[in-house]
Every structure is written in C-alpha cells, then in structure tokens.
Ligand code: PMP
Ligand code: GLN
C-alpha cells in the first residue's frame, strides 16, 4: 500500500458521520446540507437522464456548461475567460484539486499549504512525490504572516494553495492578504491553486474577491468552484476549474486519466444553475447568514468562545472556554453524550505538525433551523 494514504487515518468526515449515526446524534460534523438545492436543477438532470445521451461526455466538459462557467466568471468577477480553452469541468472540486496537483507537480517539487487546510490537499500533493512546506495561520483571527510565508518558499516551490472562504475556519482573506500572496507569487513565479468552493457564502455584505482578479495574477491562478456548494448538491460531484489556457491544459491532461468525464445530464443541469437569477444567490446567502447567526448565539449561550465566521457553512469555537483542551476527545464526547457531532480542527493540520492546536472545534450550520436550534439546546443543556 502507498503510505501517503495507508499511514493516514480514514477521512475525518465519514468517521464523524459514522459516529454520529451510531449515537443517533445531530450531525454537525461532515459538511453537507440537509436539504437538496433548487428543484429546477434536479428536474433538468432528471429529464436529461431520460432523454440522453448518457455516453461519455467530452473530456473538458460539455460546451453548454463551459460557456456557463465563463458567463459566471464574467458575471460575478468581471473575469473574461475563453470557454473553449480556459474552463474545465471536473468530478467535484476534490477531483479538480487532485488533477491540478498531478498536472502541476513532479517528484522533488514543493508546494505551500496554509495550515489548517482542507483535508484532501496534503495526501493529494504528497501522492505526486512533491513535498509540502507548511505555514501556520495565527489564531484567533488566523492571520497570514508575510515572513512565515516567505520562509516557506524555496527555489523548488512550484505552487501555493489558497482557500478563501476557508474551510474549516470560516475566514475570508482580506484584500491585503490576497495582495501579499499575489506579490510573493509573482516574485517567486508560483502557480496558485485557488480553492473558492464557498465563493457564494460570504456574509455581512462582503463580496468574494478571487485572487485571479488581482493585478498580475490572471495567468498564474486556477480557480476551483463546486456545484456541490453553490447549489447544495454535494452528491452531483460537479466542479469547475477556470484559468489561463496553459494551466487548464495541465489540469485537463491529468483529469483525462483520473475521472475522464463527468455525466452529461448533471452537467446540463449545473449549466442551467449557473444562469439562475441574482435572487437565488441572494436568498442562499441570506439563509446561510441567518443560520450562522443562530449558531453563533446558540454556541455562545452554551458557554463557548465563538470565533468570527465571515463565510462558508462552518463556525469554530475555542473549547478552552468550556474547560476542555483535546478537540478530538471533545468531539467524541459531545457526539456520544450531548448527541451533537462536530469535527476537531486538529484534523486539518499535517500529521507531522506536533504544534497543531487541539483546542478548536468546527460545527457545520447548513442544516434546517429547527435542527440547529435543537443542537444548540442539547449543547446548552449538556455543557
Ligand atoms: N474544498 C473545500 C474547501 C471544501 O470544503 C470541499 C467540500 N467540503 C471541497 C473542496 C470539495 O468539494 P467537492 O464536494 O466539490 O469535491
Ligand atoms: N467538505 C465537507 C466538510 O468539510 C465534507 C466533504 C467530504 O465528506 N469529503 O465537512
């Protein structure tokens, strides 16, 4: 077995979901909505499945969806992309990330991750034979330190991964931080893999700013989005990659030997989704912001120190405020005893990081309000 995978524990998400099911707990661990996204998208998928074709799609994605991806980039960010050369449809952001790392990295190369980071980055990168250089974001605001980032870059560094809005932290990178990354990426000639799956889940009137829109970054970023997040259809497994032709070709060449293609009916449905009116996006954001507020209040009432959450559907608490200091043990404890599951933030650090904090826990709030209220009541009563 390949130790990159076999030496790691099973992914924290299904692990916590299993524990939640075993204890009949409300599952605020693994991040997935408890209601499927727009019915019109699902109806298009159903009709297209019956009508067909249901054969292999083009490797890069169907033209209809690639045009919708270019439209979406123009509509929200003023980015002008050629759908035929600068977009790619992938099997979820997860496969898009894997294809980007495989397409860009060779053994001996180095990649920079900002810790904590979404779970699949490290094994995917290490499977290419590249090394990871880690930069810790500094709690409680999870700031990015310029010197720490500069220290992590060597002549072998090929790329950096930037995730904003950030899972698990709910942090949104400021323009200053994006400019800092852009400055360093340009000076060091780095590719930036931009994981922007939560691009439409930013709260408090702030808008998402892709790193790709910053001067000098258009030709060195690939931007990864997910229909799973944007349309609450995580099971569709549709992601999209946008970027300059030379980088998209690199990702596509790996994708064609990984997922190869993505189901046509689902691509047609997501193409229609990306053309939905502004009211859809506004309602989606408002609903999730209400849930963020509800959770922040409920967790505060339970006695937690709640960290700021500017985007995504995850909110983090510091468990020292309730007299605990072991996040994994605490997640097991509340799953079994309070019947509410969460995930430990330490799972989002590299296994080599002995200095990873163990005092933060992530709760997912993309659930019905009554479910969130019940979860908060249980925590208030238990803690
Ligand atoms: N990146 C981040 C930051 C995520 O949170 C997720 C999903 N939880 C993914 C990538 C993977 O998205 P998908 O389901 O489209 O593969
Ligand atoms: N992205 C989701 C989370 O962070 C789960 C994804 C998964 O189960 N792989 O919880």
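Within 10 Å, count the other beta carbons around each residue, average over each peptide in 294-307, 236-249, 369-382, and list them highest first.
236-249, 294-307, 369-382
I'd like the distance between the alpha-carbon centres of the stretch 232-286 and the stretch 139-192, rounded to an integer number of Å.
Spelled out, the Cα-based centre of one part sits 25 Å from the other.
Specify whether the C-alpha gyration tensor of the stretch 89-248 places it in the rounded, prolate or oblate class, a ≥ b ≥ c being the square roots of the eigenvalues: rounded for a/c under 1.5, otherwise prolate if a/b is larger than b/c and oblate if not.
In terms of gyration-tensor shape, rounded.
For the stretch 268-383, take N as its residue count and report Rg(C-alpha) divided by 2.2 N^0.38 Å.
Against the empirical 2.2 N^0.38 Å value, I get 1.22 for the stretch 268-383.
Would you kindly give the portion of the calculated P(r) for the stretch 66-184 that falls above 18 Å, as a percent of all Cα pairs?
Across the stretch 66-184, Cα pairs with separations above 18 Å total 59 percent.
Is it possible to state the helix-based mean residue ellipticity at 222 nm for the chain, with each DSSP H run of 4+ residues giving -39500 (n - 2.57), the sum divided by total residues, to the nearest 500 deg cm²/dmol? What is it?
The helix contribution divided over the chain gives -12500 deg cm²/dmol.
For the stretch 28-129, how big is the tail of P(r) above 15 Å, as a whole percent of Cα pairs?
76
What's log10 of I(q)/I(0) for the stretch 236-309 at q = 0.12, 0.17, 0.20, 0.25 Å⁻¹, Debye sum over Cα points only, no solvent?
So the normalised log intensities work out to -0.64, -0.84, -0.92, -1.12.
If one computes P(r) from the Cα atoms of the chain, what percent of pairs lie at distances over 30 Å?
Taking all Cα-Cα pairs of the chain, the fraction more than 30 Å apart is 38 percent.
So if I take the centroid of the Cα atoms in the stretch 91-121 and the same for the stretch 305-328, what is the distance between those two points in Å?
Centre-to-centre (Cα) distance: 26 Å.
Given the peptides 328-336, 75-83, 279-287, arrange them by the average over their residues of other C-beta atoms within 10 Å, most packed first.
328-336, 75-83, 279-287
Order 320-327, 189-196, 216-223, 255-262 from most to least packed using the mean count of other Cβ atoms within 10 Å.
Highest-to-lowest ranking by the protection proxy: 189-196, 216-223, 255-262, 320-327.
Only Cα pairs under 8 Å and at least 6 apart count here; give the relative contact order of the chain as a rounded whole percent.
25
Between residue 145 and residue 297, what length comes free when the chain is fully extended (0.36 nm per residue of separation minus the Cα-Cα distance, one decimal in nm)?
Between residue 145 and residue 297, full extension yields 51.7 nm more.
Values in this text are rule-based calculations from the coordinates and carry no lab data. All values derive from a computational prediction rather than experimental measurement. Glycine gets a Cβ as well: all are built from the backbone with ideal geometry, and neighbour counts include every protein chain shown.
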